[in-house]
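Asker: The structure that follows is given in the form of C-alpha cells.
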Amino acid sequence: MLEQLMGMIQENSQEAIVRNPQVPNQQNEDVMQTLMGSIMGGMQQEAQGGNVGGLMGLLSGKAVNPSQSSSLMSNPIVAGIAGKAIHSIMEKFGMSNSAASGIVASVLPGVISSLINKTSNSQDGSIDFNSILGSLMGGQPGGNAGVQAGGSGFDFNQVGYALADGKLDMNDLMRIGGSMMGGGSSNQQQEGGMDLGGMLGGLFGK
C-alpha cells in the first residue's frame, strides 16, 4: 500500500514539487515522503480514534466528489491531513506557510482522488477497504486485513463497495450488522475494542 501511495504522490507532484524552484531537487523525495507520512498519519488517527465510518465514506467517494478539488479539501479528514502536511513541510524544510500550502493544495486532492478511485473500484484489487483499514487499525498490509482489523473479522469491502455503488439499503444494513455482530442482537456489542454499532451509525449518518 505504501508503495502505491507513493506512486500516486509522485504522479501528482511533477509541477508542485519536482519543477518547483522553491524545492531544491535534493529535497524532492523528502517532501513527498513527508506528504505520505501526513496522509497515513492522518488516516490512522481517524481510524484509531473511532471515525471508521468517516474514512469509509471518504474512500468510497460517498462523502465527497472526487472530481472536485474544493469538495475534497473541505472534507474534515482531508482538511486535517492538509493541516498536518503544511505544518510538517514548514517545520522540516523551512518553507513559508504560503509555499507549503501551495504544494499541499496542488498535490493532495489528486492523491486522495486517485486513492478513492482505486479503493472504490471492486475490479481493482490493488488497494481495497480491507487492506487500508486493516493496516490503519493495526493489521498488516495485505492478507485478510478485515480479520486483522481490531480482531472484528469484519469484511470492510462489503460496506465500502456497496457505498461506492450506491446500493446500500436497509437490507444491506441488517446483513452487514449481523456479520459484524457475529449474529448477536445487541447494537452495543463490541469486538476488539471497536464500537460496531457506533460505526454503523457513523456510516449512515445516524
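Every read-out reported here was derived from the displayed coordinates using simple, explicitly stated rules and does not represent laboratory data. If you're wondering where the values come from, they're calculated on a predicted model, not measured in any experiment.
Asker: In whole Hz and in residue order, list the ³J(HN,Hα) couplings for the stretch 19-27 that follow from phi through the Karplus curve 6.51 cos²θ - 1.76 cosθ + 1.60, θ = phi - 60°; x for Gly and Pro.
Answerer: Calculated HN-Hα couplings, in order: 9, 8, x, 7, 10, x, 3, 5, 9 Hz.
Asker: Give the separation of the Cα centroids, the stretch 75-124 to the stretch 9-41, in Å.
Answerer: The stretch 75-124 and the stretch 9-41 have Cα centres separated by 10 Å.
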